[in-house]
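Before any comments, here is the structure.
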Amino acid sequence: MKLVEDNFRDAVLAHKSDVLEELGRSKPKKVVALLEHNGWPREWACNIVAGMEKKYNPANLKWGPEENQRLREKYSSRVFIGGAILLVGSIVTILSLVLAFSFGGLGIVAYGAILWGGGTFWSGISNVGSYPDREIPIYKSPEVKVEGHVPDTY
């Protein structure tokens, strides 16, 4: 996949099958890194990978790449939120029971936070594996203007 072509269209026509084959084996970010390593400008690498991922769906994702990534992020946030609530509920329960047994008094059992947090955590963790991480890299031109900077050189 060494880049020898002078324009993007010729590069796509020459390397389409190789890029598609590589996308079937690895994640889009790794393919972009491989293309850059082989002399592709970052903008071209991001554009060809995004186009191939959206048009051909080489990973055979059931809902397509955008919906797959949205669902993965949704379930990942459920894991984080559920785990945090479960942890807080457990800490409150353990600390209050230790203090109650040590000094007397009542202890708090935060069973609502523990049950809800555990259920939400389990719901997220059991579903996040169904949606592989296939985030499509998006090219962003550099925002910082540096003297002598030529954006077309990378």
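The values are calculated or read from the model by the stated rules, or taken from the named source; none is laboratory data. Worth saying up front: this structure is predicted, and the values here are computed from it rather than measured. Neighbour counts are summed over all protein chains in view; Cβ atoms, including those assigned to glycine, are modelled from backbone coordinates with ideal geometry. Keep in mind that these areas ignore ligands, DNA and RNA; they rest on the heavy atoms of the full protein, side chains included. Shrake-Rupley method; radii C 1.70, N 1.55, O 1.52, S 1.80 Å.
How about segment 63-72: which of its residues are open to solvent by less than 20 Å² (accessible area, probe 1.4 Å) and assigned to a helix (DSSP H, G or I)?
Going residue by residue through segment 63-72, those that are open to solvent by less than 20 Å² (accessible area, probe 1.4 Å) are 64-65, 68, 71.
Those that are open to solvent by less than 20 Å² (accessible area, probe 1.4 Å) and assigned to a helix (DSSP H, G or I): P65, N68, L71.
So, in segment 73-112, exactly how many residues are buried (at least 16 other Cβ atoms within 10 Å of the Cβ) and either in contact with an Asp or Glu (Cβ under 6 Å, 6 or more places away or on another chain) or not charged (D, E, K, R) (or both)?
Of segment 73-112, the ones buried (at least 16 other Cβ atoms within 10 Å of the Cβ) are 75-76, 78-79, 82-83, 85-86, 89, 92-93, 96, 110.
Right, trim to either in contact with an Asp or Glu (Cβ under 6 Å, 6 or more places away or on another chain) or not charged (D, E, K, R) (or both) and you get 75-76, 79, 82-83, 85-86, 89, 92-93, 96, 110.
Residues flagged as buried (at least 16 other Cβ atoms within 10 Å of the Cβ) and either in contact with an Asp or Glu (Cβ under 6 Å, 6 or more places away or on another chain) or not charged (D, E, K, R) (or both) within segment 73-112 amount to 12.
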From the residues in segment 15-49 that are among the small types (G, A, S) and surrounded by 15 or more Cβ atoms within 10 Å (Cβ to Cβ), which one is nearest to S141 (Cα to Cα)?
-> A45
What single numbered condition from (1) part of a helix (DSSP H, G or I); (2) closer than 30 Å to L3 by Cα fails to hold for N60?
-> (1)
